[in-house]
Structure formats: C-alpha cells, structure tokens
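Single-structure report; data block below.
The values are calculated or read from the model by the stated rules, or taken from the named source; none is laboratory data. The model shown is predicted, which means the values in this text are computed figures rather than measured ones. Quick reminder, even Gly has a Cβ in these numbers, built from the backbone with ideal geometry, and neighbours come from all protein chains shown. Protein only, heavy atoms only, side chains kept; ligands, DNA and RNA dropped before computing areas. Shrake-Rupley method; radii C 1.70, N 1.55, O 1.52, S 1.80 Å.
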Amino acid sequence: MGRVIRSQRKGAGSIFKARVHRRKGAAKLRAIDYSERNGYIRGMVKEIIHDPGRGAPLAKVQFRDPYRFKVRTELFIATEGMHTGQFVFCGKNAQLAVGNVLPLSQMPEGTIISNIEEKPGDRGSLARTSGNYATVIGHNPDEGTTRVKLPSGNKKVLKSDCRGTVGIVAGGGRIDKPLLKAGRAFYKHRAKRNSWPRTRGVAMNPVDHVHGGGNHQHIGKASTVARSSVPGQKVGLIAARRTGLLRGTKKLKD
C-alpha cells in the first residue's frame, strides 16, 4: 500500500490551511434590504486598500444604517476608476455608473459588470478577480432571467434579481508581468497558502504518487482519471471531457 499522497493530505488542512492573518476580511456586497429592493442607498468610498493574498484591491465603503443611528462599513471589490471620496449608489433605482451596484434586470444588454451574485442575496460570487468582468447578453422578462457571459467565455443564466457592480475589477494586467525569479513566487504564495514549490508527480517514487517511478520520468498510464476514482488515484486530468491543445478559433454558441 502506498503513502497518503499530497492531494489527500490537503483535505485535512493542517499545514495546507490558507494564511488568513492580516487579511482584511470577506469582500461582499451589502446585505439586501428594503432600500436596495425599492430605491437606492448612497455610500462613500473612504479608502482603497490592499488585501494580502488577493490580486484585486478592496474599497472600504461607508453607508448610513437605514434603521439605527450608526455608520456601516462594507468591503467591496474595487472597480477600475474607483477613488476615495466617490459616492457609490446601491439599489434598484441607482444610476448605471462605474462602481454602482444594481440588479441585473436594470442593466441594458452589453453592460460590463463584476462581482455578480449567483443567487439573489449571496452578496457576490462571479467575476471577482483582478481585471475580470462579465457582460450582460440578454434578458428574458417572462421568466425573470438574464444571460451573462462570464470571464471563462461560458454563458450562464441568472435570476434577474441578482446584483452586480458596474465596471471591471481593478488591478488588471497583473499576470502580464512575469514573476522572473523564485523569490517573487515565494512571497506571492507565502501570502496565499502552502502550494509552492510543487514537486511533479513523475519526479516522485511510486510510493508517493500514482505517476512516480520508472526508469524515465513518464506517467506510464493515461493521465485522465475517472470522477469516481478513489482519493489516492485522483491525480492528473480528473473526469476530462477532452484533452490536448485547443486548435482553431473558439466558437461561442449563443
């Protein structure tokens, strides 16, 4: 029997936990309330901050609490062009301007949006990485749904009540500059989690990895593996629909 392989050990946590010390918190939209459903609420960008382990900058936005005498500070994902002192409007009747948060039903086709809710009220889960955005393709008012083109190129049908931020996520072009040296990769991953340096499976012994062993560094079996495989075998291309290089131009079906 072989050893417990790396992918199995990651599930237990331990040394593979995310390094969350010094992180600024979860970046979410406002919790949906009466003022957002029926009108709008105004907030002000107080600060734009760096969040360790995240490519995109965050914006601290202050809102007046609609029910109590206090100020609520929310952490939004900053959009490109956002600045301190800017007013941000959230709600059904908010204007279509960069940084504002609106339901998909209020956005015309072709709108560039980010930090979109997958389900109404989940406070943002799609197109959140630096430089990413999604595009509103079309609306179906009869069913109350909206089609959105995601950064991957996939098209997804969402409920029109789902909210999104107008504009592109800030911090784009981050991957255009190469890391160039191991030291930069070291500090990049130190802020994220224990995932670097990564030893290749073919460089290991048979006891440590499915791809290990042999007189040359080769896998020796198909790199695709079934979805139903046991955890110790689940390495390589898991449940791959296709493999190899993408040839020709990408055809997107509407």
Q: Please enumerate the residues belonging to the range 58-77 that are more than 28 Å from the chain's Cα centre (by Cα) and touching a residue at least 24 places away in the same chain (Cβ under 8 Å).
A: Pro66
**Q.** Arg68 vs. criteria surrounded by 15 or more Cβ atoms within 10 Å (Cβ to Cβ) and assigned to a loop (DSSP other than H, G, I, E, B)
**A.** no
Q | Out of Gly183, Gly214, Gly171, sole residue that is of a type outside the set (A, V, I, L, M, F, W, C) and within 30 Å of Leu96 (Cα to Cα) | A | Gly171
**Q.** Filter pass, Gly43 being small (Gly, Ala, Ser), at negative phi and assigned to a strand (DSSP E or B)
**A.** yes
Q) Would you pick out the residues in the range 107-129 that are more than 22 Å from Ala59 (Cα to Cα) and buried (at least 17 other Cβ atoms within 10 Å of the Cβ)? A) Met107
Q: Check Gly2 against each of (1) of a type outside the set (Phe, Trp, Tyr); (2) in contact with a helix residue (DSSP H, G or I) (Cβ under 7 Å, 6 or more places away or on another chain); (3) modelled with pLDDT of 95 or more and name the one condition it does not meet.
A: (3)
Q) For the range 25-36, does any single residue satisfy the condition of being open to solvent by less than 20 Å² (accessible area, probe 1.4 Å) and of a type in the set (Phe, Trp, Tyr)? A) no
Q: Kindly list, by first and then second residue, each pair from a residue in the range 232-250 that is touching a residue at least 24 places away in the same chain (Cβ under 8 Å) and at negative phi to a residue that is exposed (fewer than 10 other Cβ atoms within 10 Å of the Cβ) and in a loop (DSSP other than H, G, I, E, B), limited to pairs with Cβ atoms under 7 Å and residues at least 6 apart or on different chains.
A: Lys250/Gly153
Q. Cβ-Cβ below 7 Å, separation at least six or inter-chain, first residue in the range 21-35 and touching a residue at least 40 places away in the same chain (Cβ under 8 Å), second of a type in the set (S, T, N, Q) and in a loop (DSSP other than H, G, I, E, B): which pairs?
A. Leu29/Asn115
Q | Residues of the range 90-105 satisfying the condition of being surrounded by fewer than 19 Cβ atoms within 10 Å (Cβ to Cβ) and touching a residue at least 12 places away in the same chain (Cβ under 8 Å) | A | Lys92, Asn93, Leu96, Ala97, Val98, Ser105
Q: Filter the range 12-24 down to residues that are open to solvent by less than 70 Å² (accessible area, probe 1.4 Å) and among the small types (Gly, Ala, Ser) and give me whichever is nearest to the chain's Cα centre (by Cα).
A: Ala18
Q) Based on what the data block shows, is Glu109 part of a helix (DSSP H, G or I), of a type in the set (D, E, K, R) and closer than 30 Å to Ser152 by Cβ? A) no
